[in-house]
Amino acid sequence: MAKLIVGIGEAVASKNPDDEIKTFALGSCVAVIILDPKTRAGAMVHIALPDSKIDPVKGQQLPGYFADTGLPYLFKLLNKFDANPHAGLIIKLIGGANVLQQQDHFQIGKRNVTAIKKIFWDMNLPITAEDVGENHSRTVTVELKTGKVFVSSSDGREWRV
């Protein structure tokens, strides 16, 4: 079994049922997970910010860093496995927290989630499940063999999404 680690701004896709895709310490960042039940492919991107307009060069060099460049990049990776973006994809969002636990004037987590949802809305793709907001960081693991998504928080709790 390979553990494919997704860092901030990175994206990974696989069709190997023995693989796990994992990202750590999502605070205001959001992990977008897409599973294609037909091809059994899965992918994850670790998005840090909503819009690449603040740094277009970084958006080209590390497209997963921003929602507006990361989601098209994620679909590009999935297309290598013949995933059909209009055929029953399972889409899950994890993260987007306000980990500062104080009045966050920038509201990066909330803005990330809103930007991602808008992109999926514009693509007419429903989000299957989400675990977003609150004030704790999350680590996410996707088992490609089962399609199960496991989340653990910085306070020691664990659950499935």
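Overview of values
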item: Net dipole in debye of the range 3-160 [+1 Lys, Arg Cβ; -1 Asp, Glu Cβ; about Cα centre; nearest 20]; result: 240 debye
item: Hydrodynamic radius of the range 14-97 per Kirkwood, over alpha carbon pairs, in Å; result: 13.2 Å
item: Residue 107/residue 58 FRET efficiency (R0 30 Å; Cβ-Cβ; nearest 0.05); result: 0.90
item: Global size of the chain as Cα Rg and Dmax, reported in angstrom; result: 14.6, 44
item: Too-long pairs where the Cα-Cα distance tops 29 Å, listed order kept, from 76/118; 58/118; 118/148; 38/58; 22/117; result: 38/58
item: Antiparallel DSSP beta bridges within the chain, as percent of all bridges there, nearest 5; result: 80 percent
item: Candidates 53, 76, 118: whichever shows maximal mean-square fluctuation once the chain is modelled as a Gaussian network with Cα springs under 10 Å; result: 53
item: Distance from the range 124-158 to the range 37-72 (C-alpha centre basis), Å; result: 18 Å
item: Estimated [θ] at 222 nm from DSSP helical runs (n ≥ 4, -39500 (n - 2.57)) normalised by residues in the chain, nearest 500; result: -6500 deg cm²/dmol
item: Other-chain or far-sequence residues with amide H under 5 Å of residue 25's (modelled H); result: 138, 139, 140
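Read-outs: derived from the displayed coordinates by stated rules, not from any lab. Source: prediction; values computed, not measured. Neighbour counts run over all protein chains shown; Cβ positions are idealised from the backbone, glycine included.
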